[in-house]
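Everything below concerns the one structure shown next.
The values are calculated or read from the model by the stated rules, or taken from the named source; none is laboratory data. A quick note: this is a predicted structure, and the numbers were derived from the prediction, not measured. Note: ideal-geometry Cβ built from the backbone for every residue, glycine included; neighbour counts use all protein chains shown. Only protein heavy atoms, including side chains, enter the accessible area calculation; ligands, DNA and RNA are left aside. Shrake-Rupley method; radii C 1.70, N 1.55, O 1.52, S 1.80 Å.
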Amino acid sequence: MNRLTVGILGGGQLARMMALSGAPLGLRFLVMDTVADACAGQFAPLLVGDYRDEAALGEFAARVDVATFDFENVPAESAEWLSARVPVFPSPRALAVAQDRLAEKTLFREQGIPVPAFAAISSREELDAALATVGVPCILKTRRLGYDGKGQFRIRALADADAAWDALGAQAATVGLIVEAFVPFERELSVVAVRGRDGEFRTWPLTENWHVDGVLSASLAPARADAALAETAIGYARRLAERLDYVGVFALELFCRDGVLLANELAPRVHNSGHWTIEGAETSQFQNHLRAVLGLPLGDTGALGHACMLNWIGAMPAAGAVLGEPGGHWHDYGKEPREGRKVGHATLRADAPQALATALEQVGRALGREAQVAPPVAALRGA
Ligand code: AMP
(Lines give C-alpha, C1' and ligand atoms only; values in the text may rest on other atoms or scores of the structure.)
Protein backbone atom coordinates (compact mmCIF):
# COMPACT_ATOMS: atom_id res chain seq x y z
CA MET A 1 0.00 0.00 0.00
CA ASN A 2 1.20 3.54 -0.71
CA ARG A 3 2.02 5.64 2.31
CA LEU A 4 -1.13 7.72 2.22
CA THR A 5 -1.50 10.66 4.56
CA VAL A 6 -4.86 11.17 6.19
CA GLY A 7 -5.50 14.74 7.32
CA ILE A 8 -7.68 15.19 10.39
CA LEU A 9 -9.25 18.54 11.25
CA GLY A 10 -9.34 18.65 15.03
CA GLY A 11 -6.65 17.06 17.18
CA GLY A 12 -8.47 15.70 20.22
CA GLN A 13 -8.84 12.16 21.48
CA LEU A 14 -10.87 11.09 18.44
CA ALA A 15 -8.02 12.04 16.09
CA ARG A 16 -5.58 10.41 18.47
CA MET A 17 -7.46 7.10 18.52
CA MET A 18 -7.93 7.30 14.75
CA ALA A 19 -4.17 7.71 14.24
CA LEU A 20 -3.48 4.80 16.58
CA SER A 21 -5.89 2.56 14.70
CA GLY A 22 -4.49 3.63 11.33
CA ALA A 23 -0.91 2.76 12.16
CA PRO A 24 -1.27 -0.96 11.25
CA LEU A 25 -2.62 0.09 7.85
CA GLY A 26 0.66 1.88 7.19
CA LEU A 27 -1.03 5.26 7.13
CA ARG A 28 0.50 8.58 7.97
CA PHE A 29 -1.48 11.39 9.53
CA LEU A 30 -1.48 15.15 9.73
CA VAL A 31 -3.63 16.71 12.40
CA MET A 32 -4.74 20.32 12.39
CA ASP A 33 -5.89 22.05 15.55
CA THR A 34 -6.10 25.57 16.91
CA VAL A 35 -4.03 24.70 19.99
CA ALA A 36 -0.44 23.47 20.18
CA ASP A 37 -1.09 20.93 22.94
CA ALA A 38 -3.90 19.05 21.11
CA CYS A 39 -3.50 15.49 22.39
CA ALA A 40 -3.41 13.82 18.93
CA GLY A 41 -0.20 15.78 18.40
CA GLN A 42 1.53 13.29 20.69
CA PHE A 43 1.17 10.66 17.95
CA ALA A 44 0.91 12.54 14.67
CA PRO A 45 2.42 15.70 13.17
CA LEU A 46 0.34 18.67 14.27
CA LEU A 47 -0.34 21.78 12.23
CA VAL A 48 -1.49 24.61 14.46
CA GLY A 49 -3.80 27.07 12.78
CA ASP A 50 -7.22 28.59 12.62
CA TYR A 51 -9.78 26.64 10.54
CA ARG A 52 -10.68 29.88 8.76
CA ASP A 53 -7.08 30.68 7.83
CA GLU A 54 -6.65 29.87 4.13
CA ALA A 55 -2.87 29.80 4.39
CA ALA A 56 -3.01 27.15 7.12
CA LEU A 57 -5.76 25.20 5.34
CA GLY A 58 -3.78 25.41 2.11
CA GLU A 59 -0.72 23.93 3.78
CA PHE A 60 -2.89 21.20 5.29
CA ALA A 61 -4.42 20.40 1.88
CA ALA A 62 -1.00 20.26 0.24
CA ARG A 63 0.28 17.71 2.74
CA VAL A 64 -2.64 15.21 2.83
CA ASP A 65 -4.25 12.74 0.40
CA VAL A 66 -7.67 12.79 2.02
CA ALA A 67 -9.20 14.86 4.82
CA THR A 68 -11.64 14.02 7.59
CA PHE A 69 -12.74 15.40 10.96
CA ASP A 70 -12.42 14.75 14.65
CA PHE A 71 -14.42 17.90 15.31
CA GLU A 72 -17.77 18.62 13.67
CA ASN A 73 -17.70 22.35 14.25
CA VAL A 74 -15.06 23.10 11.66
CA PRO A 75 -16.72 25.95 9.71
CA ALA A 76 -18.67 24.47 6.78
CA GLU A 77 -17.10 27.07 4.46
CA SER A 78 -13.63 25.84 5.42
CA ALA A 79 -14.66 22.26 4.66
CA GLU A 80 -16.03 23.47 1.29
CA TRP A 81 -12.81 25.36 0.53
CA LEU A 82 -10.80 22.28 1.38
CA SER A 83 -12.97 19.95 -0.69
CA ALA A 84 -12.06 21.91 -3.83
CA ARG A 85 -8.45 20.87 -3.21
CA VAL A 86 -8.52 17.40 -1.64
CA PRO A 87 -11.19 14.70 -1.11
CA VAL A 88 -13.09 15.42 2.13
CA PHE A 89 -15.20 12.78 3.91
CA PRO A 90 -17.85 13.11 5.20
CA SER A 91 -18.89 15.75 2.67
CA PRO A 92 -19.14 19.40 3.69
CA ARG A 93 -22.89 19.18 3.01
CA ALA A 94 -23.34 16.33 5.50
CA LEU A 95 -21.24 18.26 7.99
CA ALA A 96 -23.32 21.41 7.48
CA VAL A 97 -26.58 19.56 8.21
CA ALA A 98 -25.21 17.90 11.32
CA GLN A 99 -23.79 21.19 12.63
CA ASP A 100 -27.20 22.77 12.84
CA ARG A 101 -29.79 21.27 15.19
CA LEU A 102 -32.60 22.87 13.17
CA ALA A 103 -31.40 21.52 9.78
CA GLU A 104 -30.79 18.15 11.40
CA LYS A 105 -34.22 17.86 13.01
CA THR A 106 -35.87 19.09 9.81
CA LEU A 107 -34.06 16.35 7.88
CA PHE A 108 -35.08 13.70 10.43
CA ARG A 109 -38.70 14.75 10.09
CA GLU A 110 -38.50 14.82 6.28
CA GLN A 111 -37.15 11.28 6.37
CA GLY A 112 -40.04 10.09 8.52
CA ILE A 113 -37.86 9.75 11.62
CA PRO A 114 -39.75 10.77 14.78
CA VAL A 115 -38.31 13.73 16.72
CA PRO A 116 -39.35 15.61 19.87
CA ALA A 117 -41.50 18.68 19.13
CA PHE A 118 -39.22 21.61 18.29
CA ALA A 119 -39.27 25.22 17.11
CA ALA A 120 -36.64 27.66 15.86
CA ILE A 121 -36.29 30.77 18.02
CA SER A 122 -34.97 34.12 16.92
CA SER A 123 -36.56 36.44 19.48
CA ARG A 124 -37.99 36.52 22.97
CA GLU A 125 -41.52 36.66 21.47
CA GLU A 126 -40.84 33.49 19.51
CA LEU A 127 -39.66 31.79 22.69
CA ASP A 128 -42.97 32.63 24.38
CA ALA A 129 -44.91 31.38 21.36
CA ALA A 130 -42.85 28.17 21.25
CA LEU A 131 -43.43 27.49 24.95
CA ALA A 132 -47.14 27.46 24.14
CA THR A 133 -46.82 25.04 21.20
CA VAL A 134 -43.91 22.82 22.28
CA GLY A 135 -44.98 22.92 25.93
CA VAL A 136 -42.97 22.63 29.15
CA PRO A 137 -40.73 21.08 30.28
CA CYS A 138 -38.48 21.79 27.32
CA ILE A 139 -34.87 22.65 26.55
CA LEU A 140 -33.57 25.80 24.91
CA LYS A 141 -30.44 24.92 22.93
CA THR A 142 -28.05 26.75 20.67
CA ARG A 143 -28.51 25.57 17.06
CA ARG A 144 -24.77 25.45 16.47
CA LEU A 145 -21.60 24.88 18.48
CA GLY A 146 -23.27 23.12 21.40
CA TYR A 147 -21.98 19.76 22.56
CA ASP A 148 -21.89 17.65 25.71
CA GLY A 149 -24.84 19.53 27.14
CA LYS A 150 -23.17 22.94 26.64
CA GLY A 151 -25.32 25.75 25.25
CA GLN A 152 -28.47 24.25 26.78
CA PHE A 153 -30.96 25.56 29.31
CA ARG A 154 -33.66 23.38 30.82
CA ILE A 155 -37.03 25.18 31.06
CA ARG A 156 -39.03 23.34 33.69
CA ALA A 157 -41.90 25.81 33.91
CA LEU A 158 -43.08 28.92 32.06
CA ALA A 159 -41.54 31.03 34.85
CA ASP A 160 -38.06 29.87 33.73
CA ALA A 161 -38.38 31.63 30.37
CA ASP A 162 -36.68 34.83 31.60
CA ALA A 163 -33.71 32.93 33.02
CA ALA A 164 -33.41 30.87 29.82
CA TRP A 165 -33.42 34.02 27.71
CA ASP A 166 -30.87 35.70 30.00
CA ALA A 167 -28.61 32.67 29.62
CA LEU A 168 -28.84 32.11 25.87
CA GLY A 169 -30.87 34.94 24.28
CA ALA A 170 -27.78 36.83 23.10
CA GLN A 171 -26.88 33.82 20.96
CA ALA A 172 -30.13 33.99 18.96
CA ALA A 173 -28.40 36.40 16.56
CA THR A 174 -25.13 34.45 16.30
CA VAL A 175 -25.46 30.67 16.44
CA GLY A 176 -29.28 30.62 16.53
CA LEU A 177 -31.56 28.90 19.03
CA ILE A 178 -34.01 26.03 19.02
CA VAL A 179 -36.43 24.86 21.65
CA GLU A 180 -37.12 21.14 22.01
CA ALA A 181 -39.68 19.28 24.10
CA PHE A 182 -38.08 17.48 27.02
CA VAL A 183 -38.33 13.73 26.47
CA PRO A 184 -38.86 11.72 29.67
CA PHE A 185 -36.99 8.83 28.09
CA GLU A 186 -36.46 5.43 29.64
CA ARG A 187 -33.23 4.84 27.83
CA GLU A 188 -30.79 6.52 25.48
CA LEU A 189 -29.48 4.48 22.58
CA SER A 190 -27.10 5.20 19.77
CA VAL A 191 -26.50 3.61 16.43
CA VAL A 192 -22.87 3.84 15.39
CA ALA A 193 -22.78 3.26 11.65
CA VAL A 194 -20.33 3.38 8.79
CA ARG A 195 -20.88 3.88 5.09
CA GLY A 196 -18.17 3.31 2.50
CA ARG A 197 -17.42 5.30 -0.62
CA ASP A 198 -19.21 2.58 -2.60
CA GLY A 199 -22.34 2.86 -0.45
CA GLU A 200 -21.73 -0.25 1.65
CA PHE A 201 -23.46 0.31 4.99
CA ARG A 202 -22.78 -1.41 8.31
CA THR A 203 -23.69 -0.77 11.91
CA TRP A 204 -22.27 -2.00 15.17
CA PRO A 205 -24.76 -3.49 17.62
CA LEU A 206 -26.89 -0.81 19.27
CA THR A 207 -25.26 0.94 22.24
CA GLU A 208 -27.05 2.01 25.42
CA ASN A 209 -25.81 5.25 26.96
CA TRP A 210 -26.03 7.06 30.27
CA HIS A 211 -25.27 10.78 30.59
CA VAL A 212 -24.54 12.88 33.67
CA ASP A 213 -25.12 16.62 33.26
CA GLY A 214 -25.36 16.15 29.49
CA VAL A 215 -21.99 14.36 29.25
CA LEU A 216 -21.67 10.67 28.41
CA SER A 217 -20.77 8.66 31.51
CA ALA A 218 -21.14 5.02 30.44
CA SER A 219 -21.98 2.99 27.34
CA LEU A 220 -23.03 -0.64 27.16
CA ALA A 221 -23.05 -2.80 24.06
CA PRO A 222 -24.91 -4.66 22.81
CA ALA A 223 -27.78 -2.57 24.23
CA ARG A 224 -30.92 -4.09 25.66
CA ALA A 225 -33.09 -3.91 22.54
CA ASP A 226 -35.28 -6.45 20.83
CA ALA A 227 -34.79 -7.21 17.16
CA ALA A 228 -37.64 -4.96 16.03
CA LEU A 229 -36.32 -1.93 17.92
CA ALA A 230 -32.80 -2.51 16.61
CA GLU A 231 -34.11 -2.87 13.08
CA THR A 232 -36.01 0.41 13.37
CA ALA A 233 -32.98 2.27 14.73
CA ILE A 234 -30.67 0.86 12.07
CA GLY A 235 -33.23 1.68 9.38
CA TYR A 236 -33.22 5.34 10.48
CA ALA A 237 -29.42 5.45 10.36
CA ARG A 238 -29.36 3.88 6.91
CA ARG A 239 -31.96 6.30 5.57
CA LEU A 240 -29.96 9.30 6.80
CA ALA A 241 -26.66 7.92 5.51
CA GLU A 242 -28.13 7.38 2.07
CA ARG A 243 -29.91 10.73 1.98
CA LEU A 244 -26.67 12.55 2.90
CA ASP A 245 -24.53 10.28 0.69
CA TYR A 246 -22.50 9.95 3.85
CA VAL A 247 -19.00 8.47 3.84
CA GLY A 248 -17.36 7.48 7.12
CA VAL A 249 -18.58 6.73 10.63
CA PHE A 250 -21.41 8.62 12.30
CA ALA A 251 -23.59 8.16 15.36
CA LEU A 252 -27.34 8.63 15.56
CA GLU A 253 -28.44 9.38 19.13
CA LEU A 254 -31.94 8.23 20.04
CA PHE A 255 -34.27 8.49 22.99
CA CYS A 256 -36.40 5.44 23.73
CA ARG A 257 -39.75 5.79 25.43
CA ASP A 258 -42.46 3.11 25.61
CA GLY A 259 -40.68 1.24 22.85
CA VAL A 260 -40.78 4.31 20.58
CA LEU A 261 -37.59 5.89 19.28
CA LEU A 262 -37.12 9.66 18.90
CA ALA A 263 -34.02 11.02 17.19
CA ASN A 264 -31.91 13.50 19.15
CA GLU A 265 -28.90 14.18 16.99
CA LEU A 266 -26.51 12.92 14.37
CA ALA A 267 -22.79 13.22 15.13
CA PRO A 268 -20.89 13.30 11.82
CA ARG A 269 -17.77 11.55 13.11
CA VAL A 270 -16.53 8.72 15.23
CA HIS A 271 -18.38 8.97 18.51
CA ASN A 272 -17.79 8.54 22.22
CA SER A 273 -20.54 5.91 22.37
CA GLY A 274 -18.50 3.85 19.88
CA HIS A 275 -15.27 3.75 21.88
CA TRP A 276 -16.16 0.27 23.15
CA THR A 277 -15.66 -1.04 19.59
CA ILE A 278 -11.85 -0.77 20.00
CA GLU A 279 -11.79 -3.95 22.09
CA GLY A 280 -15.43 -5.01 21.95
CA ALA A 281 -15.92 -5.46 18.21
CA GLU A 282 -14.18 -7.27 15.40
CA THR A 283 -13.34 -3.92 13.76
CA SER A 284 -13.30 -0.63 15.66
CA GLN A 285 -15.15 2.51 14.60
CA PHE A 286 -11.78 4.24 14.13
CA GLN A 287 -10.41 1.67 11.76
CA ASN A 288 -13.65 1.44 9.79
CA HIS A 289 -13.82 5.21 9.49
CA LEU A 290 -10.36 5.19 7.92
CA ARG A 291 -11.27 2.27 5.66
CA ALA A 292 -14.41 4.14 4.54
CA VAL A 293 -12.69 7.43 3.73
CA LEU A 294 -9.90 5.60 1.89
CA GLY A 295 -12.28 3.44 -0.13
CA LEU A 296 -11.00 0.21 1.46
CA PRO A 297 -13.25 -2.77 2.27
CA LEU A 298 -15.12 -2.24 5.55
CA GLY A 299 -14.39 -4.59 8.44
CA ASP A 300 -16.89 -6.74 10.28
CA THR A 301 -18.79 -4.78 12.93
CA GLY A 302 -19.89 -7.72 15.07
CA ALA A 303 -19.47 -7.54 18.86
CA LEU A 304 -17.01 -9.77 20.72
CA GLY A 305 -19.17 -10.55 23.72
CA HIS A 306 -20.34 -7.70 25.94
CA ALA A 307 -18.53 -4.43 26.54
CA CYS A 308 -18.98 -1.43 28.81
CA MET A 309 -17.13 1.85 28.41
CA LEU A 310 -16.67 4.22 31.34
CA ASN A 311 -15.68 7.82 30.61
CA TRP A 312 -13.12 9.53 32.80
CA ILE A 313 -14.08 13.18 33.16
CA GLY A 314 -11.88 15.84 34.76
CA ALA A 315 -9.01 13.63 35.92
CA MET A 316 -7.79 10.08 35.39
CA PRO A 317 -8.35 7.57 38.20
CA ALA A 318 -5.66 5.01 39.07
CA ALA A 319 -5.38 2.40 36.31
CA GLY A 320 -4.70 -0.67 38.47
CA ALA A 321 -8.27 -1.84 39.11
CA VAL A 322 -9.17 -1.84 35.41
CA LEU A 323 -5.87 -3.32 34.25
CA GLY A 324 -6.31 -6.08 36.84
CA GLU A 325 -9.51 -7.28 35.18
CA PRO A 326 -9.08 -9.96 32.49
CA GLY A 327 -11.14 -7.91 30.03
CA GLY A 328 -9.98 -4.49 31.25
CA HIS A 329 -8.62 -1.90 28.79
CA TRP A 330 -7.27 1.54 29.56
CA HIS A 331 -7.21 4.70 27.44
CA ASP A 332 -5.44 7.78 28.76
CA TYR A 333 -5.74 10.60 26.23
CA GLY A 334 -2.59 12.33 27.51
CA LYS A 335 -4.52 15.49 28.42
CA GLU A 336 -4.04 17.85 31.32
CA PRO A 337 -6.75 17.37 33.95
CA ARG A 338 -9.46 20.02 33.83
CA GLU A 339 -12.96 20.10 35.26
CA GLY A 340 -15.52 18.66 32.85
CA ARG A 341 -12.88 17.58 30.31
CA LYS A 342 -12.91 14.08 28.82
CA VAL A 343 -9.43 12.84 29.73
CA GLY A 344 -9.74 9.10 29.11
CA HIS A 345 -11.91 6.03 29.26
CA ALA A 346 -11.85 2.37 30.21
CA THR A 347 -13.54 -0.51 28.47
CA LEU A 348 -14.41 -3.74 30.25
CA ARG A 349 -15.21 -6.73 28.09
CA ALA A 350 -16.56 -10.19 28.96
CA ASP A 351 -18.19 -13.09 27.17
CA ALA A 352 -21.30 -13.09 29.37
CA PRO A 353 -23.42 -10.25 30.84
CA GLN A 354 -23.10 -11.47 34.44
CA ALA A 355 -19.30 -11.61 34.23
CA LEU A 356 -19.22 -8.08 32.85
CA ALA A 357 -21.51 -6.88 35.66
CA THR A 358 -19.20 -8.44 38.27
CA ALA A 359 -16.12 -6.83 36.70
CA LEU A 360 -17.87 -3.45 36.65
CA GLU A 361 -18.87 -3.77 40.30
CA GLN A 362 -15.29 -4.57 41.27
CA VAL A 363 -13.92 -1.61 39.35
CA GLY A 364 -16.66 0.69 40.70
CA ARG A 365 -15.83 -0.31 44.29
CA ALA A 366 -12.07 -0.02 43.83
CA LEU A 367 -12.33 3.45 42.31
CA GLY A 368 -15.19 4.76 44.47
CA ARG A 369 -17.30 5.06 41.34
CA GLU A 370 -20.23 2.89 42.33
CA ALA A 371 -22.70 5.46 40.99
CA GLN A 372 -21.08 5.48 37.54
CA VAL A 373 -21.17 1.70 37.14
CA ALA A 374 -24.62 1.23 38.71
CA PRO A 375 -26.77 1.84 35.57
CA PRO A 376 -24.91 -0.58 33.27
CA VAL A 377 -24.68 -3.13 36.09
CA ALA A 378 -28.46 -2.93 36.60
CA ALA A 379 -28.99 -3.33 32.85
CA LEU A 380 -26.72 -6.37 32.73
CA ARG A 381 -28.33 -7.93 35.80
CA GLY A 382 -31.67 -7.62 34.09
CA ALA A 383 -33.09 -5.04 36.50
P1 AMP B 1 -27.28 16.76 23.21
O2 AMP B 1 -26.13 17.72 23.29
O3 AMP B 1 -28.45 17.28 22.47
O4 AMP B 1 -26.86 15.39 22.76
O5 AMP B 1 -27.75 16.57 24.72
C6 AMP B 1 -26.95 15.92 25.70
C7 AMP B 1 -27.81 15.09 26.61
O8 AMP B 1 -28.80 15.92 27.27
C9 AMP B 1 -28.63 14.02 25.90
O10 AMP B 1 -27.88 12.88 25.63
C11 AMP B 1 -29.75 13.80 26.93
O12 AMP B 1 -29.28 13.02 28.01
C13 AMP B 1 -30.03 15.20 27.39
N14 AMP B 1 -31.07 15.81 26.50
C15 AMP B 1 -30.83 16.56 25.40
N16 AMP B 1 -31.98 16.89 24.79
C17 AMP B 1 -32.99 16.33 25.49
C18 AMP B 1 -34.42 16.28 25.35
N19 AMP B 1 -35.05 16.93 24.37
N20 AMP B 1 -35.10 15.57 26.28
C21 AMP B 1 -34.46 14.94 27.29
N22 AMP B 1 -33.13 14.94 27.48
C23 AMP B 1 -32.39 15.62 26.59
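Here are the numbers for this structure:
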| read-out | value |
| --- | --- |
| Test result for A132, more than 16 Å from the ligand (Cβ to nearest atom) and either of a type outside the set (D, E) or in the same structural domain as A263 (by TED's automatic domain parsing) (or both) | yes |
| Test: residue in the range 136-159 that is over 21 Å from the mean Cα position of the chain (by Cα), more than 8 Å from the ligand (Cβ to nearest atom) and open to solvent by less than 10 Å² (accessible area, probe 1.4 Å) | yes |
| Residues of the range 253-294 satisfying the condition of being among the β-branched types (V, I, T) and either out of contact with any strand residue (DSSP E or B) (no Cβ under 8 Å at 6 or more places or on another chain) or assigned to a strand (DSSP E or B) (or both) | V260, T283 |
| Matching residues, the range 108-135, being β-branched (V, I, T) and open to solvent by less than 20 Å² (accessible area, probe 1.4 Å) | I113, I121 |
| Test: residue in the range 162-176 that is open to solvent by 40 Å² or more (accessible area, probe 1.4 Å), part of a helix (DSSP H, G or I) and within 16 Å of the ligand (Cβ to nearest atom) | yes |
| Check on K105, basic (K, R), touching a residue at least 12 places away in the same chain (Cβ under 8 Å) and either assigned to a helix (DSSP H, G or I) or open to solvent by 20 Å² or more (accessible area, probe 1.4 Å) (or both) | yes |
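Every residue, every condition in (1) among the basic types (K, R); (2) within 26 Å of G314 (Cα to Cα), yes or no:
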residue	(1), (2)
H211	no, yes
R224	yes, no
A237	no, no
A267	no, yes
H275	no, yes
A292	no, no
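Quick grid of which residues meet (1) free of Cβ contacts under 8 Å to residues at least 24 places away in the same chain; (2) under 27 Å from R109 (Cβ atoms); (3) touching an Asp or Glu at 6+ places or on another chain (Cβ under 6 Å):
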site: E253; (1), (2), (3): no, yes, yes
site: R257; (1), (2), (3): no, yes, yes
site: V260; (1), (2), (3): no, yes, no
site: P268; (1), (2), (3): no, yes, yes
site: H271; (1), (2), (3): no, yes, no
site: G274; (1), (2), (3): no, yes, no
site: I278; (1), (2), (3): no, no, no
site: T283; (1), (2), (3): yes, no, yes
site: F286; (1), (2), (3): no, no, no
